[in-house]
Amino acid sequence: MTAIEPNVVPYASAAASTGEPFITTPVAYDGILLAGFGGPEGQEDVIPFLRNVTRGRGIPDERLEEVAHHYRHFGGVSPINAQNRELKAALEAALAERGIDLPVYWGNRNWTPYLEDAVEQAAADGRTTLLAFATSAYSSFSSCRQYREDFARVLQDTRLGETVTIDKIRPFYDHPGFVEAFESGVRSAIAGFLDQGIAASDIQILFSTHSIPTDDALRSGARDIDWGPGGAYAAQHEAVAAWVMDRVLQTLPAAAGVEWELVYQSRSGPPSQPWLDPDVCDVIGELPARGRRAVAVVPVGFMSDHMEVLWDLDTEAAEAAEEAGLAFVRTPTPGVAPAFIDGIIDLIQERLEGRPRADRRHVTDLPGGFDVCRPGCCENVRAGFKPAAAGVAP
């Protein structure tokens, strides 16, 4: 892969190539690139898909089978592709309703349709100034930079880097369209427990997100911002969870006394490698000793009900709650809720208009949310820096 000179923004539109963190120049994008993770759609796809996910790490198939049983439990089919088809259709309909002529091209990192297919189709259609929406809301290597590296790799491998540009929508973790589902879900869960006669002080809210290696977390977000322990990744989740609970208390005063905390799930690294904790199931097991009678798990790190939600929460966390004798609710993800679709359209319009940062919608006061990622952000210390679109190199 070709090296990129420091302080350059590779494969960027003219406006984003300046390297400014917030782009206030309107850009005439002519296509949206919906970038997904991908997932198997049959039993025969499971191991090849997991090989793609773990490429370069030398993990043998027998180890992959330890994860494969999650997919095999659901017939080898991950729900994520169907969800992205639904999301693509919803975005196309919303764009058309607003008179915005932007076709949506969908490509995945790890399974068909691949990002290469989407970018090549866009180029064949004469759509060469693309704005990417990655299906991860927060700042980290796996949820942001890895997508940017994929964009650069695809443009190099397809030899379209001279004609196609790819910018990326900012991290949208605190856009009101994204967080609304979590707010309404927590309010509904608490109200339901209260209706069952469970006291507020006996209710626990667990905001759950994907665990990542501690080293990756510490390097998430812009380097020149002091994010505190856990880097931008943890800080962003904490800020969203705090906002959700504050809003719920404003609209449901009876929720006063409900405790909450941020927990993690879906760890996949070796035991010797530190990952963010505590684990959601471990915390659930401790709740009876804290005097809790009910727990609501909020998948705040996830956009839709894909495998980590269906297996790790709806299966494993639910079983942990049953074993602990706790009432259990898992609250909804945004999915294709109208508010979320409207939020994505708003994020697209930010870049079409060159909207000033002060006029952009957000619910937290955290810094960041950059249109053009800053130099060296979200480093993967195990693999080093690779060329990445939509950010200042390295």
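Brief remarks on what is shown
- Highest-MSF residue in the chain out of R361, R98, R223 [GNM, Cα springs under 10 Å]: R98
- Under the simplified labelling scheme, the R55-D226 pair shows an inter-label distance of 4.1 nm, with each label point 7 Å from Cα along Cα→Cβ.
- Space enclosed by the convex hull of the alpha-carbon atoms of segment 338-394, per residue, Å³: 128
- A124 versus L352: modelled label distance in nm, points set 7 Å from Cα along the beta carbon direction: 2.6
- Highest-fluctuation residue, I225, I166, I348 considered, GNM on the chain with Cα pairs under 10 Å: I225
- Antiparallel DSSP beta bridges within the chain, as percent of all bridges there, nearest 5: 5
- Projected onto its three principal axes, the C-alpha set of segment 176-330 covers 46, 33, 28 Å, listed from the longest axis down.
- From phi via Karplus (6.51, -1.76, 1.60), per-residue ³J(HN,Hα) for segment 209-221 in Hz, x at Gly/Pro: 9, 5, 5, 9, x, 4, 4, 5, 4, 5, 9, 6, x
- Solvent-free Debye scattering, log10 I(q)/I(0), computed from the Cα coordinates of segment 1-145 at q = 0.11, 0.14 Å⁻¹: -0.54, -0.83
- Per-residue ellipticity at 222 nm computed for the chain from its helices equals -10500 deg cm²/dmol, with DSSP H segments shorter than 4 residues left out and the rest contributing -39,500 (n - 2.57).
- GNM result for the chain, Cα springs below 10 Å: residue of P332, P356, P270 fluctuating most strongly: P270
- Compactness of the chain was expressed as the Cα radius of gyration divided by 2.2 N^0.38 Å, which yields 0.97.
- For segment 95-185: rounded, prolate or oblate by the Cα gyration tensor [a/c cutoff 1.5]: oblate
- Unit charges at the beta carbon, dipole of segment 136-267: most positive-side option, A181, Q156, Q250: Q156
- Spatial separation of Cα centroids for segment 326-354 and segment 188-245, in angstrom: 18
- Distant-in-sequence amide contacts of T135, defined by a placed amide H-H separation under 5 Å and a gap of 5 or more residues or a different chain, comprise A35.
- Order by protection proxy (mean Cβ within 10 Å, highest first), peptides 40-46, 129-135: 129-135, 40-46
- The antiparallel fraction among DSSP beta bridges confined to segment 176-330 stands at about 5%.
FYI, it's all coordinate maths here, none of it is from the lab. Source: prediction; values computed, not measured. Cβ sites come from the backbone with ideal geometry, for glycine too, and all protein chains shown count toward neighbours.
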